[in-house]
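The structure under discussion appears below in the form of structure tokens.
The values are calculated or read from the model by the stated rules, or taken from the named source; none is laboratory data. Quick caveat, the model's predicted, so the values are computed rather than measured. Neighbour counts run over all protein chains shown; Cβ positions are idealised from the backbone, glycine included. Protein only, heavy atoms only, side chains kept; ligands, DNA and RNA dropped before computing areas. Shrake-Rupley method; radii C 1.70, N 1.55, O 1.52, S 1.80 Å.
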Amino acid sequence: RSTRRTSGWLAQGTGPNAEIAAAAPRLRNRSRDLVRNNAFAARAIAAIAQNAVGTGIVARTPARQVVEAWRKWIEVCDADGALDWYGIQTLVARAVVESGECLVRFRPRRQDDGVWPPLQLQVLEPDYLDASKSGQTDTGYMIDGIQYDRIGRRVGYWLYSSHPGERLIGAGAPTSSLVPASEVLHVYRKDRPGQERGVPWLAPVMMRIRDLDDYEEAELVRK
């Protein structure tokens, strides 16, 4: 019904991608700020990630050589050299909840790099996607940095060479290049048909969590 109580309720009929494209950067920034500075948000992110991953994806096989190769690889699978296989899974889970989505890029290695099998994984925040790449192309179309062919299959991702939010001394603005879709995993929760990007899971409760934290702080100061 259209009544006095609903007169200020603005509900638009926009598609999922148009809605996300307009709001995603602000939602990501606010979600990250809450996780950094709000105990309720920080605990929620940690709990969801821990419960989603659990013991992690574990490989099991009777072949000893495969098991030994797996044990060695999971220690060096991180392209950044900071985490093992299980740490990467937790990092991806945290990024999906906090930022709404996450990219995992396959990084093939040379034989003399000391990684066997010769592959490492690089976890990237969604900021690496060049959202300015949208519109029609000669072979299909693009939506927020994701390129498709004429029948809607993902062809590739336009990724920046570095995080656009970092301030690298002496470096100019990062440029984006098309990375084949076969070399990238795009992890996010799909809530609507046709949705191509993710939304931070804290979006519906951001204001309530922030207000609750402010209320508790005000009560402590008053006391």
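From a point 7 Å beyond the Cα of D191 in the direction of its Cβ, which residues of region 19-43 have a backbone N at a distance under 19 Å? Output list for this probe position: 19-35, 41-42.
The modelled label-to-label distance between R4 and A69, using points 7 Å beyond Cα along the C-beta direction, is 7.4 nm. Listed by chain and number, the lysines placed with their C-alpha closer than 28 angstrom to that of K190 are K133; residues fewer than eight positions away on the same chain are left out. Spatial offset of region 143-186 relative to region 50-127 amounts to 20 Å, using the alpha carbon center of each.
Across A63, A21, A11, mean-square fluctuation computed from a Gaussian network of the chain (C-alpha pairs under 10 Å connected) peaks at A11.
Residues of region 73-97 falling in the label zone of A46, defined by backbone nitrogen less than 11 Å from a point 7 Å along Cα to beta-carbon, are absent. Note on D211 and R110: the extension gain reaches 31.2 nm, defined as 0.36 nm multiplied by sequence separation minus the Cα-Cα distance. Taking L178, L103, L159 as the candidate residues, the one with maximal mean-square fluctuation in a Gaussian network model of the chain, Cα springs under 10 Å, is L178. Once you have a ≥ b ≥ c as the square roots of the Cα gyration tensor eigenvalues for region 20-150, tell me rounded if a/c is under 1.5, and otherwise prolate or oblate according to whether a/b is larger than b/c. In terms of gyration-tensor shape, oblate.
In the complete set of protein chains, residue-level accessible area for W201 is approximately 80 Å², probe 1.4 angstrom.
What is the Cα radius of gyration of the chain over 2.2 N^0.38 Å, N being its residue count? Don't skip to the answer; put the middle values down first.
Values: Rg = 20.9 Å, N = 223, 2.2 N^0.38 = 17.2 Å.
Relative to the rule-of-thumb radius for its length, the chain sits at 1.22.
When every alpha-carbon pair in region 35-93 is counted, what percent end up more than 17 Å apart? Here the tail beyond 17 Å accounts for 52 percent of pairs.
Using the Kirkwood radius over Cα pairs, work out the Stokes-Einstein diffusion coefficient for region 97-190 at 25 °C and 0.890 mPa s, in µm²/s as a whole number.
After rounding, the answer is 168 µm²/s.
Between 0 and 90 degrees, the angle of helix 64-76 with respect to the longest Cα principal axis of the chain falls at about 50 degrees. Taking the chain as a Gaussian network of alpha-carbon nodes connected by springs under 10 Å, the highest mean-square fluctuation of the residues R64, R197, R210 belongs to R64.
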